[in-house]
1. Filter the range 86-105 for residues that are on the phi < 0 side of the Ramachandran plot and surrounded by fewer than 18 Cβ atoms within 10 Å (Cβ to Cβ) and give the result.
2. (1) surrounded by fewer than 20 Cβ atoms within 10 Å (Cβ to Cβ); (2) at pLDDT 85 or above; (3) assigned to a loop (DSSP other than H, G, I, E, B): which one isn't true of Leu206, the others all being true?
3. Within the range 21-42, track down each residue that is in contact with a helix residue (DSSP H, G or I) (Cβ under 8 Å, 6 or more places away or on another chain) and closer than 16 Å to Phe67 by Cβ.
4. For Phe163, state whether it is modelled with pLDDT of 95 or more, surrounded by 19 or more Cβ atoms within 10 Å (Cβ to Cβ) and under 25 Å from Ile88 (Cα atoms).
5. Please determine whether any residue of the range 170-191 is surrounded by 15 or more Cβ atoms within 10 Å (Cβ to Cβ), of a type in the set (Val, Ile, Thr), assigned to a helix (DSSP H, G or I) and modelled with pLDDT of 90 or more.
6. Which of the residues belonging to the range 108-154 are surrounded by 16 or more Cβ atoms within 10 Å (Cβ to Cβ) and over 21 Å from Val76 (Cα atoms)?
7. What are the residues in the range 190-239 that are of a type in the set (Lys, Arg) and within 20 Å of Leu153 (Cα to Cα), if any?
8. So which helices (runs of 4 or more DSSP H) are wholly in the range 71-130 and hold at least 2 residues that are β-branched (Val, Ile, Thr)?
Amino acid sequence: MAPAHAGVLLPAFSLWWREVIRFYRQKSRVVGVIASPLVFWLVIGSGFGTSFRSGEAPGQQHYLDYFYPGALIMIVLFTSIFTMMSVIEDRKEGFLLSVLVAPVPRSAVVLGKVMGGTTLSAIQGMIFLIFAPLVGVHLSLGYVLLVIVTIFLVSFALTALGFAIAWPMDSTQAFHAIINLFLIPLWLLSGALFPLTGASGWLKWLMRINPLTYGTEALRGLLYPGSQAFSLGVSMLILVVFSLVMFLLAFVMANRRTTKPAA
């Protein structure tokens, strides 16, 4: 008899591998995911230059330095969310229906899709780290590992959130509308563009309850020690909780609705 866990791991691995291959076969998506935040970082960072300073600590004296963790989070956000558009595409093509009628638990579908998007967004984020020396960041091996863990947690949480949003939808237009209405402000209020300490009262409150803020601040603290608004331990703990809650939400959404074939 096959071991019980084979019913989850093998289908999940197959869906994970399909997501990875599918993404890197579309060269324009790979280039666009990295190029767009890179252009944002260079143009906005150079535009503000030294006219914006959030302090005298490393990473706070030039806007290119300050905006670098925010641009990295933008890459992770874009890759995580837009990779989950494949849920809608798979539904329209009939692939998702064939997966759901197979003797495979829904947990395998959620795990495979989410881990596929997480892998892609984490890789894209780590590729962006090659620009770190340009902003004076030179990481030791221990800090590199912590940065990778942070990127993975943010990628996992955002991918699971993207899955939960995409699952009940039948059109990419509706998916884009939700992205523009909800997820872009989530990034804007994460401390990526401006620091929490200088924000007005109501914005500061929104930024504090935004879990993505803690991902941005964790990366900023690892890249520029001493410049973050929260301790690394607090940020990492909130990221772990955020990741677990988002995966649970994705699992609940996948079990609430039976996917219908496209008309």
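1. At the first step, the residues of the range 86-105 found to be on the phi < 0 side of the Ramachandran plot are 86-93, 95-105.
Correct list: Glu89, Lys92, Glu93, Phe95, Leu97, Ser98, Leu100, Val101, Ala102, Pro103, Pro105.
2. (3)
3. Kept after step one, since they are in contact with a helix residue (DSSP H, G or I) (Cβ under 8 Å, 6 or more places away or on another chain), are these residues of the range 21-42: 22-24, 29-30, 33-34, 36-38, 40-42.
Listed by number, the residues that qualify are Ile34, Ser36, Pro37, Leu38, Phe40, Trp41, Leu42.
4. The answer is no for Phe163.
5. Looking through the range 170-191, none of the residues is surrounded by 15 or more Cβ atoms within 10 Å (Cβ to Cβ), of a type in the set (Val, Ile, Thr), assigned to a helix (DSSP H, G or I) and modelled with pLDDT of 90 or more.
6. The answer is Ala108, Val109.
7. From the range 190-239, those of a type in the set (Lys, Arg) are 204, 208, 220; that's our starting set.
Selection gives Arg208, Arg220.
8. 85-93, 106-128
The values are calculated or read from the model by the stated rules, or taken from the named source; none is laboratory data. Keep in mind it's a predicted model, so treat the numbers as computed, not measured. In this analysis, Cβ positions are derived from the backbone assuming ideal geometry, glycine residues included, and neighbour counts consider all displayed protein chains.
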